1. Any chance the range A:12-26 includes a residue that's surrounded by fewer than 21 Cβ atoms within 10 Å (Cβ to Cβ), modelled with pLDDT under 95 and part of a strand (DSSP E or B)?
2. Looking at (1) over 19 Å from residue B:282 (Cβ atoms); (2) modelled with pLDDT under 95, which is the one condition that is false for residue B:192?
3. For the range B:154-211, which residues satisfy the criterion of being more than 14 Å from chain A (Cβ to nearest Cβ), in a loop (DSSP other than H, G, I, E, B) and touching a strand residue (DSSP E or B) at 6+ places or on another chain (Cβ under 7 Å)?
4. Going residue by residue through the range A:107-120, is there one that turns out to be over 14 Å from residue A:73 (Cα atoms) and within 14 Å of chain B (Cβ to nearest Cβ)?
5. Could you pull out every one of the strands (runs of 3 or more DSSP E) wholly within the range A:61-131 that has 3 or more residues that are touching a strand residue (DSSP E or B) at 6+ places or on another chain (Cβ under 9 Å) and crowded, with 17+ Cβ neighbours inside 10 Å?
6. In the range A:85-104, which residues are within 14 Å of chain B (Cβ to nearest Cβ) and at negative phi?
7. State whether the residues of the range B:127-136 include one that is in the same structural domain as residue B:24 (by TED's automatic domain parsing), closer than 30 Å to residue B:302 by Cβ and without any contact (Cβ under 8 Å) to a residue 40 or more places away in the chain.
8. Failed condition for residue B:279, given (1) under 30 Å from residue B:139 (Cα atoms); (2) more than 7 Å from chain A (Cβ to nearest Cβ), with all others met?
């Protein structure tokens, strides 16, 4: 029986901090003063700032399908912050088996297929199709995140688009709730 | 001015006239002044050349004599503080016979066992040298001030006639200080959230009993600003110091009065009595590009 089919998906927040600076190449030293009417010594101070990235401002996405209502599409904007000068890559995985063509949300006895696209900006239409588990790297150039201030964004600077095509299996799905959890892995390039 | 000690016994006077051996002149013995001591390692040496005349018979000029140096206060060669005679600097005094190149370490109040070579008279030449030696570590260990002792040099001829002359040995110890025990501070890896902070404990030695001094910290930035750098990129630092009463912020190039310097050896006996703490704020670190940042702090201490 066909009815009003709706499904919801939850997005899990993935935060990854990785460093492109491996280990510490610090060469520290200190010099001692000599006895005198004044005495001077020195010491070195060192800091390692690694390539840091942060993804946040992710929210759950709920989509509702009405029969014969066409494809259901929703987008979720979020924030990717990176150390100044550090570019990032993105990969997305889900808790459900890989679907057709890429992702699927799982219901009680069936699933709904959907696709995911990524845009490294919140304006324009530079969507890139996401393959589950594959790394998006902007043609090896990497993406630019927000930087400075407290790690995070004043305004979101990236977004996902989730599309369940009516022509896929949406119109054949049983009524119910379909869930998936996406994990976004952001890494320094 | 030499002092002639004449023996009172008539028998000795008789012997004098028979042998005609006697120290008859000590000429040119002046005070030995090390002046204001400049710190250094090793020993401090000061020489004083003079003449001792010992006549044997009517014309011989190689008459033998023994020498002695006696402190007029105490029984050592120590140089005593003018303000506190309980504080002193040990000294070693050696006599050199410039004619025979004999060098004789002296024991206070004891005549040298070996005999020196005298001139027949003291006219235009020296044949004797007193060498006073001080250890730098001993001078560095005493409070600043004037140190001196009056000594009596005596020459004794074979007829047991003794001629003496007095001389001062002086040195001025200035206020001295040393900073040591400094080690690098690695603030480690920024985690994206928390401030970075590290400290180093060090030693400040001062020979001043008050233990007071000023500490001036300078960074490598413009105007001495505290920072670490990676190429042209910089991260500012906050610096605090502690003399045992708690950390207080430091301004670059601004001397900060401190207390608690140690007089227990120039390395504080291996312990610490001060600390420097360095911090980098998260708000600055998140603005920094990835990399290894390093910088240098210069710490200068001066006596108050």
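The values are calculated or read from the model by the stated rules, or taken from the named source; none is laboratory data. It should be emphasised that the depicted structure is a prediction, and the values quoted were computed from it without experimental measurement. Every residue, glycine among them, receives a Cβ derived from its backbone with ideal geometry; neighbour counts consider all protein chains shown.
1. As a first pass, look at the range A:12-26 and keep what is surrounded by fewer than 21 Cβ atoms within 10 Å (Cβ to Cβ): A:12-26.
Still in the list and also modelled with pLDDT under 95: A:12-26.
With part of a strand (DSSP E or B) added as a condition, the list becomes A:12.
Checking the range A:12-26: at least one residue is surrounded by fewer than 21 Cβ atoms within 10 Å (Cβ to Cβ), modelled with pLDDT under 95 and part of a strand (DSSP E or B).
2. So residue B:192 meets the others, but not (1).
3. So the first thing to find is which residues in the range B:154-211 are more than 14 Å from chain A (Cβ to nearest Cβ), and the list is B:154-171, B:209-211.
Filter once more, so that each one left must be in a loop (DSSP other than H, G, I, E, B): B:158-161, B:209-211.
B:158, B:159, B:161 - these are the residues of the range B:154-211 that are more than 14 Å from chain A (Cβ to nearest Cβ), in a loop (DSSP other than H, G, I, E, B) and touching a strand residue (DSSP E or B) at 6+ places or on another chain (Cβ under 7 Å).
4. no
5. Answer list for the range A:61-131: A:72-82, A:87-94, A:103-106, A:111-119.
6. Just the residues of the range A:85-104 that are within 14 Å of chain B (Cβ to nearest Cβ), to begin with: A:85-88.
A:86, A:87, A:88 - these are the residues of the range A:85-104 that are within 14 Å of chain B (Cβ to nearest Cβ) and at negative phi.
7. Among the residues of the range B:127-136, not one is in the same structural domain as residue B:24 (by TED's automatic domain parsing), closer than 30 Å to residue B:302 by Cβ and without any contact (Cβ under 8 Å) to a residue 40 or more places away in the chain, which makes the answer no.
8. Residue B:279 satisfies all of (1) under 30 Å from residue B:139 (Cα atoms); (2) more than 7 Å from chain A (Cβ to nearest Cβ) except (1).
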